[in-house]
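First comes the structure, then the notes that go with it.
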């Protein structure tokens, strides 16, 4: 039996999937690690804990699969994007990694916009400075920890540190590098001009490969510990969303993949690097060679429903626990009896500001249009509809950019397990939804990339077709879509009219 491994260095922990030659996931293992948020804006992790968790997850996944470790043909990597790992000349970690969640680089983003300018930066990166990106974090380190900055010999993204420990070879991939704000996304290479402008030594940046390229081979000492064969290839891999796009079949122009987890993701493949003029959605290199993708990020999706339930539905939660039921199932069953549009009740899901398409950290959550007859079930449904409206904003941005979208899109993530939310999103999008059975989409995408690189799969498309099957097919209802159209206009106008008030509350 021939196998491949996919590793996802996620924010919460290290995930590992074992996949066979038919692209079936045989086992999944997860090992958590902590996140340091002890100061305002701070979000850091210890790369040594990443490495320990990765090794443990690999061992556990192989044990769960009851597989011969020596059958593993290749390893694929993915993980959280944008994080900064700083290494010294000896290859040692200088300080804890500053991950994507860290927001302390607001002054550096402002400096970049004031001194270099949005247009000059976007000319190369196709994006504008955000605190999540790697470049502003590096400038924050320069301004706030000059001693650490002076020791830097190389910088890496999170998953690429794991590659270094596996192979001893530095490298990254074009999709992950796209989120550094140091990368020429259209040309798929580091932006020497921008790097020089920021006075960052180009030698600090690892070589950037296409996602399916082999970067290095497994070191003998690591192979011995893990029970794997020494020398098996470790591929470049991809950022977490690009890898998930592979596993969800978003491989060609116009195919969209949506995900409802804590946040909401809209991922759309493109043949060329189209750019949103307002930079509300990101344009990054795809894990598929010669392709790019749009990425829309809704800050609170499943998290909005979790917040609503925790804050307003304690009685329902207690009753559900007594009856051994899932409180979300109970709430959504009641909400299913509410007519589409909630009879004029609208929810803006901006509970942590909003990233796409508004780029507004000051945006706030709002219930609008409440009347005496609106019971809790109306508010529950309004939350589901508000998240779907926010994700549609990303889709509409893509349409305005000239991206031709297919008549269907794929869905994955916990939010798609409930029939009501699936139908609401299909109706609001005005497109049919195919919910997939993909397990750990990012790690599975990394495994598919590895399998294709070592010849186990003829193509990424073949791996997707073999390994991922539809769970549910949801057709949108034209009458519901028409009803939502007028409400979506209200939703859009609400943000426009409240934007200045949001800023006053900041």
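The values are calculated or read from the model by the stated rules, or taken from the named source; none is laboratory data. No experiment lies behind these values; they were computed from the predicted model shown. Cβ: placed from backbone, ideal geometry, glycine included. Neighbour counts: every protein chain shown.
Here are some notes:
- Residues satisfying the stated conditions in the stretch 81-98, i.e. at negative phi, surrounded by 24 or more Cβ atoms within 10 Å (Cβ to Cβ) and assigned to a loop (DSSP other than H, G, I, E, B): 81, 83
- Every pair of residues 6+ apart whose Cβ atoms lie under 6 Å, when the first sits in the stretch 178-201 and is under 12 Å from residue 138 (Cα atoms) while the second is not in a loop (DSSP other than H, G, I, E, B): 180/134; 180/135; 181/125; 181/135; 182/135; 182/195; 195/202
- Search result, residues across the stretch 142-156 that are closer than 25 Å to residue 117 by Cα and crowded, with 21+ Cβ neighbours inside 10 Å: 155
- A single entry from 287, 304 fulfils the requirement of being buried (at least 22 other Cβ atoms within 10 Å of the Cβ) and part of a helix (DSSP H, G or I): 304.
- Of the set (1) touching a helix residue (DSSP H, G or I) at 6+ places or on another chain (Cβ under 7 Å); (2) over 30 Å from residue 119 (Cα atoms), all apply to residue 232 but (1).
- Check on residue 179, part of a loop (DSSP other than H, G, I, E, B), crowded, with 19+ Cβ neighbours inside 10 Å and touching a strand residue (DSSP E or B) at 6+ places or on another chain (Cβ under 9 Å): yes
Conditions (1) assigned by TED's automatic domain parsing to the domain that holds residue 101; (2) part of a strand (DSSP E or B); (3) in contact with a strand residue (DSSP E or B) (Cβ under 8 Å, 6 or more places away or on another chain), marked per residue:
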{"position": "231", "(1), (2), (3)": "yes, no, yes"}
{"position": "249", "(1), (2), (3)": "no, no, yes"}
{"position": "268", "(1), (2), (3)": "no, yes, yes"}
{"position": "311", "(1), (2), (3)": "no, no, no"}
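- Residues that are closer than 21 Å to residue 259 by Cβ and touching a strand residue (DSSP E or B) at 6+ places or on another chain (Cβ under 6 Å) within the stretch 377-386 comprise 383, 386, listed in sequence order.
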